[in-house]
Amino acid sequence: MSIGGARPQFVKMAMMFHGIEAYKARNHCSIDHAILHTGQHYDPLMSDIFFEELGLAMPHPIIGTSSGTPGVQTAAMLASIEVELMRETPDLVLIYGDTNSTLAAALAASKLHIPLVHIEAGLRSFNREMQEEINRIVSDHVSDLLLAPTAASMEQLRVEGLSGRAALVGDLMLDAVAHYTSSDRTSAVLDKQGLVGKSYALVTMHRAENTDSFKRLTAILSSLAKFPIPIVLPLHPRLSRLLGVEGRRMLASHDHIHLVEPVGYLEMLVLEQRADVIVTDSGGMQKEAYFLGTPCVTLRDETEWTETLHDDWNVLAGSESETILRAVRHALERSSRAVEQPRNLAAFGGGQAAAHCIDEIMKFMEKKK
Ligand code: UD1
Ligand code: UDP
């Protein structure tokens, strides 16, 4: 059973789902793979659209809406996941990444002694103020099999004494980009905003460290007002709520800022591919920028995905307005030179992560027999 509930997890679960289907067809065997949707993300544009686009049946989320403090949210998911696990009795639970859904599932499964596999294990920002850092550390330490996406994450697991349970498999998000990117797909958003064929920056922001800090948020927003090219900004609900009607109106009053609803995954890949620069605090989008060869400016002080920093494909700009603008200008100069610097996609598994994950899971299950 795969358990998840946040937008990036639907992408990863979809790649495992399709990987398992391919494995079954190749090996003429039967594996039941259930998907449990915690309901952490519940708006149709944060949830249903991913299931539709990525060819997954949409399961009924086990909790309705998941607002509240992190403790309340995690506890509600933990209690509901436990009920589902006791009813379904899966042989194995797969968890993904570092959200509160990941932590809740890790605790529920490990307390019921159900073998637990953490996909995207070993990532660290070394910033313990991030909820995600705590979620990753706990999830790694209670899991029975740790599937690491990169050599650096594998090394971190060794440092923490976990290498006996770990394997290097690559990154499911590269599998997804390789599978779903198509150079002839059009963008409804660019069309509607009158930006087809024009330069633009793709901006997203949702990290609590940025949205929940007045100082950081205002500094980042003031940098956006000074961008030298148009901005397409799909609004994550966390940012949208914080801005409120007034804040959104103020941002959109700048002619070059195009605020749009969250977009589906396929639209996002086109937006990322065509952008001159991606400016984001998203973990997934830093990687997608690197995979697609679009320069990225990251609105954080550290990153778990240090491989993307190579050759300045990704630059950590923090939240200081002038630093962000300088990094954006630098990225644009680089785009206009159109020099294709080599990127190391092999460092992320080359697009074969699902197959490696399934092989490692099969070996693990075999050993347990
Ligand atoms: C969560 C993850 C973060 C991940 C991100 C992916 C945690 C601690 N954070 O952050 O690691 O990068 O998902 O997008 O697990 N909301 C809605 N509709 C939705 C979902 C959320 O309105 O469909 C609003 C709610 O008011 C909610 C707030 O957004 O309180 C934040 O949502 P939450 O899931 O708690 O955290 P994210 O910021 O989405
Ligand atoms: N994404 C999307 N539409 C959006 C914003 C993001 O499809 O409007 C995709 C993005 O391409 C990536 C994933 O969602 O695959 C990343 O999610 P997010 O940035 O919310 O979370 P993070 O990766 O930071 O955990």
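Test of understanding: among D91, D98, which residue is touching a residue at least 40 places away in the same chain (Cβ under 8 Å) and surrounded by fewer than 19 Cβ atoms within 10 Å (Cβ to Cβ)?
D91
Check whether at least one residue in segment 89-99 is acidic (D, E) and within 16 Å of ligand 1 (Cβ to nearest atom), and report yes or no.
Yes - at least one qualifying residue is present in segment 89-99.
Based on this model, can you work out whether V117 counts as under 27 Å from L292 (Cα atoms), more than 16 Å from ligand 1 (Cβ to nearest atom), modelled with pLDDT of 95 or more and β-branched (V, I, T)?
Considered against the rule, which asks whether it is under 27 Å from L292 (Cα atoms), more than 16 Å from ligand 1 (Cβ to nearest atom), modelled with pLDDT of 95 or more and β-branched (V, I, T), V117 comes out as no.
Within segment 1-42, which residues are among the small types (G, A, S) and either under 18 Å from the mean Cα position of the chain (by Cα) or assigned to a helix (DSSP H, G or I) (or both)?
Across segment 1-42, the qualifying residues are S2, G4, G5, A6, A14, G19, A22, A25, G39.
Can you pull out every residue in segment 198-250 that is part of a helix (DSSP H, G or I), within 16 Å of ligand 2 (Cβ to nearest atom) and not basic (K, R)?
A208, E209, N210, T211, I220, P237, L239, S240, L242, L243 - these are the residues of segment 198-250 that are part of a helix (DSSP H, G or I), within 16 Å of ligand 2 (Cβ to nearest atom) and not basic (K, R).
Being in a helix (DSSP H, G or I), crowded, with 18+ Cβ neighbours inside 10 Å and not hydroxyl-bearing (S, T, Y) is the requirement here; does L123 meet it?
Answer is no for this residue.
Within segment 52-65, how many residues turn out to be among the small types (G, A, S) and either free of Cβ contacts under 8 Å to residues at least 24 places away in the same chain or under 24 Å from H33 (Cβ atoms) (or both)?
Here the count works out to 2.
Residues of segment 111-120 being charged (D, E, K, R) and surrounded by fewer than 24 Cβ atoms within 10 Å (Cβ to Cβ), which ones?
K111
Do you know which of the residues in segment 69-88 that are within 16 Å of ligand 1 (Cβ to nearest atom) and open to solvent by 60 Å² or more (accessible area, probe 1.4 Å) is farthest from M268 (Cα to Cα)?
That would be V72.
The values are calculated or read from the model by the stated rules, or taken from the named source; none is laboratory data. In this text, all values refer to a predicted model and were calculated from it rather than measured experimentally. With ideal geometry, Cβ positions are generated from the backbone for all residues, glycine too; neighbour counts draw on all protein chains shown. Side chains are part of the model used for accessible areas, which takes the heavy atoms of the whole protein and leaves out ligands, DNA and RNA. Shrake-Rupley method; radii C 1.70, N 1.55, O 1.52, S 1.80 Å.
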